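A.B. asks: Handing you this structure, nothing more for now.
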Amino acid sequence: MVHGKTTTANAILNNPMYSKINGSILFEEEDITSLKTDEIARKGIFMSFQLPEEIPGVSVTNFLKYAKNKITGKPVKIFEFKDEIKNYMEELNINSTYMERSLNVGFSGGEKKKNEILQMLVLNPKLAILDETDSGLDVDAIKTVSKGIEMFKNDENAVLIITHNTKILHSLKVDYVHVLVDGKIVKTGGQELAREIEENGYSQYK
Amino acid sequence: MGNLKLNETPIRTSRNFNINNIKLENIDIPKNISKFNNIKTTTNVQEVTANNCELTYGLGNVLIDQIKNNSNKNLKIVVDNKKNENTLVEFNFDENNNILIDNIEIIVNENCTGTIIVKYNTKSNIQCYHNGIIKIYAHKNSNVKIIVVNLLNTKSNNFISIENELEENAKVDYTIVDFGGENSITNYYSNLKGDSSENNINTIYLGKENQLFDINYIAELRGVKSNINMEVQGALNDNAIKHFKGTIDFKKGSKKSKGNENEFCFLLSDKAKSLGLPMLLCSEEDVEGNHASSAGKIGEKELFYIMSRGFSLKEAMKLMVKAKFNKILESIDSEELVNEIVYEIDKRLD
Amino acid sequence: MKSQINEINRNIYDIKNKDEYDFKIKKGLTPEIINEISNQKSDPDWMREFRLKALEVYNRLELPTWGPDLSELDMSEIATYVRPKTKLNNSWEDVPEDIKNTFDRLGIPEAEKASLAGVGAQYDSEVVYHSMKEDLIKQGVIYTDMETALRDYPDLVKEHFMKCVPVHDHKFVALHGAVWSGGSFVYVPKNVKVDIPLQSYFRLNSPESGQFEHTLIIVDEGASLHFIEGCSAPKYNKVNLHAGCVELYVKDNAYLRYSTIENWSKNMLNLNTKKAIVGKNAGMDWVSGSFGSKISMLYPMSILNGDGAKTEYTGISFAGAGQNLDNGFKVVHNAKNTSSVVNAKSISKNGGICTYRSLVRVNENAKNSKCTVSCESLMLDDISRSDTIPTNEIRTDEIEFSHEAKIGKISDKTIFYLMSRGLSEEDAKAMIVRGFAYPISKELPVEYAVEMNNLINLELEGSIG
């Protein structure tokens, strides 16, 4: 993808800092174009941020517990829930002391990205949009992120991975590859399209 | 001889903190004022009979009235050029010109840009008295840079009241070099009434012997997206005292505005004294205000490192002070003036 | 975006009892009234003289020329002494029913059972209940009301009473000196560590009256203590006045933590004075939550007199409609190797005014000292106000001093981030505000004072847990 990726993700989540001029967004045949961000999230859409916000004084656990409660509308059983978080953290190589740390405060770039994947796993959306979750990560961290995505995906959900480079696709099997240029999808293919771009670059699409 | 109470802060705090104003005793406020002739200016500076003395704040009635009734130099500068125009006003104090009561009015026309240097200088050892006003009207889209340099000796009295009015998208950059005066008292007020107006103040002060600096900067943000930055760096040697009062006031309507205030004071002697009151006042929600202030002596490690390269303690100290001031000195375009200021730093720290 | 943070639920604080009392002095301030208070309290002669002198000082001093407007305070309309219909009780059962119910509702007796080493409860001008765990009594810890202390430990009281906070400090200290009544006296002997906190609770029920309790705490060398004070009152239409005085002596190598949850009603003028003198290598920590009052002027002060003395102040103010909370901290570094850390926060909403006002003074003899100040103010709408007015006076070069302050609103980006996780805008803001207050709320002993949950856990839809 070349241009308009992050804009697309923000438009889907109806970020008030972006304005939509025309068109509509349908999710499971429902028009969600003008729903509020939290309503869209509760419909089952998740977006991982390139620059996740820091929230001092709110621990990762409390935040997830609260968000989970809002998404499902059900009370969260705290002991089971903590175990679930702990398991995911282990899988994602996140030190369990991070459970009690303030959300994203003082996290490194990689830790923030992994925390986004943790949130995705815990909140279990129907559609996860991962906005450049791989950028700025080293090889090991990319592997961890891929592992998280593998753990997440199943027949019931969808993952939209927004990326500049195709490295993350080495360790992930994807169903479709779309090339986005200036806000338009110019080419769609399977995993082989990613390999082709890796060899020849994007220039042919510009 | 008279006593003066000057430089009131816009909001009072406990009287016991001794910072709401400055009281000076036994100040020789001259009554008989002769002409001040030793002045050098560029041709675009006009001498006028009088300028407006109405100020929102100002140092205090006694001094402002003196300017109203007894000024011996009233100047008017109109910046009406789209290209950057350089203006110089240089007051050289000496035996025959030791009292200056001046009022400088600067009008920066719409879309115009200029640089103005105002310098108060003395080579002589005589006690001088300076009491002045600088008032700037910065019209729409104008851009002016003004450099005020006080290099009077440490026996003199330096009083200055500055006021700026900024219209939409106007930009006013100040560099203030405050080295001279047994008492150097500055009142500075900016009215950022225009949307997207911007005011930057960069100040360095250097105190020694029994010098007293009382610096009172007030910025009121009224326009949407207006912007104020105050950067004050100083060093105090011997028994020198500095009071810095910096107020950033976000008034109703100043949405999306930003204000920053940063103050640092090097204490070069254990007798020097630094008093600071960095105020942030806010009655608008969507704004960003920050202030930071710190003080301390030059780090032992840095000093040791520099001295290990063959510098004496005094030289090392000068080097550190100049390094600290460098960022602000760099904002002055005139190399000649920078050299002169650096020379003064070396001389005054000797 | 507009903020929707609800204000604190005050219901349980606002239940008033009938204005019943054993004795209520007539309104106003005259030597006759002061003499009458002395008679009622059977003061020793020195205290009677002390009160009369303090009244003279009060009459001489002016109102402050800075800060919130106090012109609505009319001392001729305030009754300075109201004795409740009971004596000091050591057993909760003996406290009269309506007073007992008041403290029951505030959760005081449960707190005592759960996690306190001792409790004192003051109702209007006198302490109605005091108790302390047996083992502390055995170790020589004294925890009682000031009147008992004046009778049973006259020398200790006379040596320390209003020596830390002298009557001419300001007008309301002088007033306090003249009309003080009630309050707590604590003495912790050398090297005794009191592991669980002591708490005093102050309740002002009587309308158009004042509460002037005096708290005097001496933590002797090597000893340690955590003391908690809570305050509340039901709301009346006319102003009530609180001008208490807290004097803390933290001797060499001792440690004292003093926590306050202040939730006076919104007709209260809270003009309280608190000061600590901190000895060699001793520590003094203040934790302060200021939620109630119409006007508050409160600036706890640490005087670091001993080498190596340390102090920390952690405080939050939350001002809503009609509130003007002018709070802050004062510290004087008076010896070498001393250190101070200040962490102050404020939240303004619905037209509320928060001011952080402070003094840092580092004297010539405070070589090799350190001072770090951080202030953060949150504006929740554009009709409120938030001011930061700190004075920093540095008189020595051997100091590491830094001061930082920030004013702003909740960032739209942060709200969007939280909303993308399913939180409504209101929930998102509430969560951010709770997070903002967390550094203070975590310092407060939440688990035993029911009021804490009401104060810090702001009344929000579906709050955490």
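The values are calculated or read from the model by the stated rules, or taken from the named source; none is laboratory data. Small disclaimer: the values here were computed from a predicted structure and weren't measured. Because the Cβ atoms are built from the backbone with ideal geometry, glycine has one as well, and the counts that use them run over all protein chains shown.
A.B. asks: Having 2 or more residues that are aromatic (Phe, Trp, Tyr) is the bar; report the strands (runs of 3 or more DSSP E) wholly within the range C:219-265 that clear it. Let's see the steps before the verdict.
C.D. replies: Details: elements: C:224-232, C:240-242, C:245-250, C:255-263.
Correct list: C:255-263.
A.B. asks: Among the residues of the range A:94-118, write down those that are in a loop (DSSP other than H, G, I, E, B) and either within 18 Å of the chain's Cα centre (by Cα) or within 9 Å of chain C (Cβ to nearest Cβ) (or both).
C.D. replies: A:Ile94, A:Asn104, A:Phe107, A:Ser108, listed by residue number.
A.B. asks: So, in the range C:103-133, exactly how many residues are of a type in the set (Ser, Thr, Tyr), touching a strand residue (DSSP E or B) at 6+ places or on another chain (Cβ under 7 Å) and either modelled with pLDDT under 80 or in a strand (DSSP E or B) (or both)?
C.D. replies: 3
A.B. asks: Next question, about the same structure. Within the group B:Asn131, B:Asn157, which residue is crowded, with 22+ Cβ neighbours inside 10 Å, closer than 27 Å to B:Arg348 by Cβ and in contact with a helix residue (DSSP H, G or I) (Cβ under 6 Å, 6 or more places away or on another chain)?
C.D. replies: B:Asn131
A.B. asks: Would you please name the residue that is farthest from the other protein chains (Cβ to nearest Cβ), looking only at residues in the range B:250-266 that are more than 20 Å from the chain's Cα centre (by Cα) and part of a strand (DSSP E or B)? Even if it seems obvious, please write down each step before you answer.
C.D. replies: Quick first cut of the range B:250-266, residues more than 20 Å from the chain's Cα centre (by Cα) only: B:250-258.
Those left that are additionally part of a strand (DSSP E or B): B:250, B:258.
Numbers: B:Phe250: 8, B:Lys258: 10 Å.
Within the range B:250-266, the match that is farthest from the other protein chains (Cβ to nearest Cβ) is B:Lys258.
A.B. asks: Can you tell me which condition B:Val224 does not meet? The list is (1) farther than 22 Å from B:Leu55 by Cβ; (2) buried (at least 21 other Cβ atoms within 10 Å of the Cβ), and all the others hold.
C.D. replies: The number of the failed condition is (2).
A.B. asks: Can you tell me how many residues within the range A:120-135 are part of a helix (DSSP H, G or I) and either more than 14 Å from every other protein chain (Cβ to nearest Cβ) or more than 9 Å from the chain's Cα centre (by Cα) (or both)?
C.D. replies: Going through the range A:120-135 one residue at a time, the tally reaches 3.
A.B. asks: Could you count how many residues in the range A:136-166 are under 20 Å from A:Asn115 (Cα atoms) and either more than 13 Å from the chain's Cα centre (by Cα) or assigned to a helix (DSSP H, G or I) (or both)?
C.D. replies: So the answer is 17.
A.B. asks: Are any of the residues in the range C:167-183 basic (Lys, Arg), surrounded by fewer than 24 Cβ atoms within 10 Å (Cβ to Cβ) and in a helix (DSSP H, G or I)? Lay out the reasoning, then the answer.
C.D. replies: First, the residues of the range C:167-183 that are basic (Lys, Arg): C:171.
Subset that is surrounded by fewer than 24 Cβ atoms within 10 Å (Cβ to Cβ): C:171.
Narrowing the set further to residues that are in a helix (DSSP H, G or I) leaves C:171.
Yes, the range C:167-183 contains a residue that is basic (Lys, Arg), surrounded by fewer than 24 Cβ atoms within 10 Å (Cβ to Cβ) and in a helix (DSSP H, G or I).
A.B. asks: Scanning for something over 30 Å from C:Ser384 (Cα atoms), more than 10 Å from chain C (Cβ to nearest Cβ) and of a type in the set (Lys, Arg), does the range B:309-316 turn up at least one residue?
C.D. replies: In the first step, residues of the range B:309-316 are kept if they are over 30 Å from C:Ser384 (Cα atoms); the result is B:309-316.
From what is left, the residues that are more than 10 Å from chain C (Cβ to nearest Cβ) are B:309-316.
So of that shortlist, the ones also of a type in the set (Lys, Arg) come out as B:309, B:314.
Yes, some residue in the range B:309-316 is over 30 Å from C:Ser384 (Cα atoms), more than 10 Å from chain C (Cβ to nearest Cβ) and of a type in the set (Lys, Arg).
A.B. asks: Read through the list (1) assigned to a loop (DSSP other than H, G, I, E, B); (2) under 24 Å from C:Gly292 (Cβ atoms), then give the number of the only condition that C:Asn343 fails.
C.D. replies: Here C:Asn343 meets the rest and fails (1).
A.B. asks: Spot the failing condition for A:Phe63; the list is (1) at the interface with chain C (Cβ under 7 Å from one of its Cβ atoms); (2) within 21 Å of C:Val433 (Cα to Cα), and only one is missed.
C.D. replies: Just one mismatch for A:Phe63, condition (1).
A.B. asks: Picking from A:Asp131, A:Asp155, which residue would you name as being closer than 22 Å to C:Thr414 by Cβ and either in contact (Cβ under 8 Å) with a residue 60 or more places away in the chain or not polar (S, T, N, Q) (or both)?
C.D. replies: When all the criteria are applied, what remains is A:Asp131.
A.B. asks: If you go through the range C:331-342 one residue at a time, do you hit one that is under 17 Å from the mean Cα position of the chain (by Cα) and either at the interface with chain B (Cβ under 9 Å from one of its Cβ atoms) or closer than 30 Å to C:Asp69 by Cα (or both)?
C.D. replies: Yes.
A.B. asks: If I ask for residues that are surrounded by fewer than 18 Cβ atoms within 10 Å (Cβ to Cβ), among the small types (Gly, Ala, Ser) and in a strand (DSSP E or B), which ones from the range C:349-383 would you list?
C.D. replies: C:Ser374
A.B. asks: Given C:Glu72, C:Glu77, which one is under 30 Å from C:Thr388 (Cα atoms), out of contact with any Ser or Thr (no Cβ under 9 Å at 6 or more places or on another chain), touching a residue at least 12 places away in the same chain (Cβ under 8 Å) and not small (Gly, Ala, Ser)?
C.D. replies: C:Glu72
A.B. asks: Report every pair of residues separated by at least 6 positions or lying on different chains whose Cβ atoms are under 6 Å apart, first residue within the range A:5-29 and within 13 Å of chain C (Cβ to nearest Cβ), second assigned to a loop (DSSP other than H, G, I, E, B).
C.D. replies: A:Asn10/A:Tyr18; A:Ala11/A:Tyr18; A:Ala11/A:Lys20; A:Ile12/A:Ile25; A:Leu13/C:Ser420
A.B. asks: Regarding A:Gly73, is this residue within 13 Å of chain C (Cβ to nearest Cβ) and on the phi > 0 side of the Ramachandran plot?
C.D. replies: Yes: the conditions hold for A:Gly73.
A.B. asks: Looking at the range B:53-61, can you tell me whether even one residue there is at negative phi and more than 22 Å from the chain's Cα centre (by Cα)?
C.D. replies: Within the range B:53-61 (the criterion being at negative phi and more than 22 Å from the chain's Cα centre (by Cα)), the answer is no, since none of the residues qualifies.
A.B. asks: In the range B:341-350, what count of residues is obtained for those that are touching a residue at least 24 places away in the same chain (Cβ under 8 Å) and surrounded by fewer than 17 Cβ atoms within 10 Å (Cβ to Cβ)?
C.D. replies: In the first step, residues of the range B:341-350 are kept if they are touching a residue at least 24 places away in the same chain (Cβ under 8 Å); the result is B:341, B:344-346, B:348-350.
From what's left, surrounded by fewer than 17 Cβ atoms within 10 Å (Cβ to Cβ): B:346, B:350.
The number of residues fulfilling the criteria is 2.
A.B. asks: Kindly provide the set of residues from the range A:12-33 that are at pLDDT 90 or above and within 23 Å of C:Ala428 (Cα to Cα), ordered by number.
C.D. replies: A:Ile12, A:Leu13, A:Asn14, A:Asn15, A:Ile32, A:Thr33 - these are the residues of the range A:12-33 that are at pLDDT 90 or above and within 23 Å of C:Ala428 (Cα to Cα).
A.B. asks: Can you report the number of residues in the range C:416-443 which are more than 8 Å from chain A (Cβ to nearest Cβ), surrounded by fewer than 23 Cβ atoms within 10 Å (Cβ to Cβ) and assigned to a helix (DSSP H, G or I)?
C.D. replies: Residues in the range C:416-443 being more than 8 Å from chain A (Cβ to nearest Cβ), surrounded by fewer than 23 Cβ atoms within 10 Å (Cβ to Cβ) and assigned to a helix (DSSP H, G or I): 4 in total.
For every residue, the table says whether it meets (1) closer than 27 Å to C:Gly107 by Cα; (2) aliphatic (A, V, I, L, M).
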| position | (1), (2) |
| --- | --- |
| C:Tyr258 | yes, no |
| C:Ile277 | no, yes |
| C:Asn281 | no, no |
| C:Gly289 | yes, no |
| C:Ser293 | yes, no |
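A.B. asks: Just a yes or no: is a residue in the range B:279-292 in a loop (DSSP other than H, G, I, E, B), away from every other protein chain (no Cβ under 14 Å) and free of Cβ contacts under 8 Å to residues at least 60 places away in the same chain?
C.D. replies: Within the range B:279-292, none of the residues are in a loop (DSSP other than H, G, I, E, B), away from every other protein chain (no Cβ under 14 Å) and free of Cβ contacts under 8 Å to residues at least 60 places away in the same chain.
A.B. asks: Can you run down the residue pairs with Cβ atoms below 6 Å, 6 or more apart or on separate chains, where the first is in the range C:242-270 and under 22 Å from C:His226 (Cβ atoms) and the partner is part of a strand (DSSP E or B) and of a type in the set (Phe, Trp, Tyr)?
C.D. replies: Listed by first residue and then by second, the contacts come to C:Tyr258/C:Phe227; C:Tyr258/C:Trp286.
A.B. asks: Regarding C:Ser386, is this residue within 21 Å of C:Ile303 (Cβ to Cβ) and either within 14 Å of chain A (Cβ to nearest Cβ) or part of a strand (DSSP E or B) (or both)?
C.D. replies: On the way: within 21 Å of C:Ile303 (Cβ to Cβ): no; either within 14 Å of chain A (Cβ to nearest Cβ) or part of a strand (DSSP E or B) (or both): yes.
Against the criterion (within 21 Å of C:Ile303 (Cβ to Cβ) and either within 14 Å of chain A (Cβ to nearest Cβ) or part of a strand (DSSP E or B) (or both)), C:Ser386 does not qualify.
A.B. asks: Please list, ordered by first then second residue, the pairs with beta carbon atoms under 8 Å, 6 or more apart or interchain, first in the range C:143-163 and within 14 Å of C:Ile217 (Cβ to Cβ), second surrounded by fewer than 18 Cβ atoms within 10 Å (Cβ to Cβ) and charged (D, E, K, R).
C.D. replies: C:Thr144/C:Asp152
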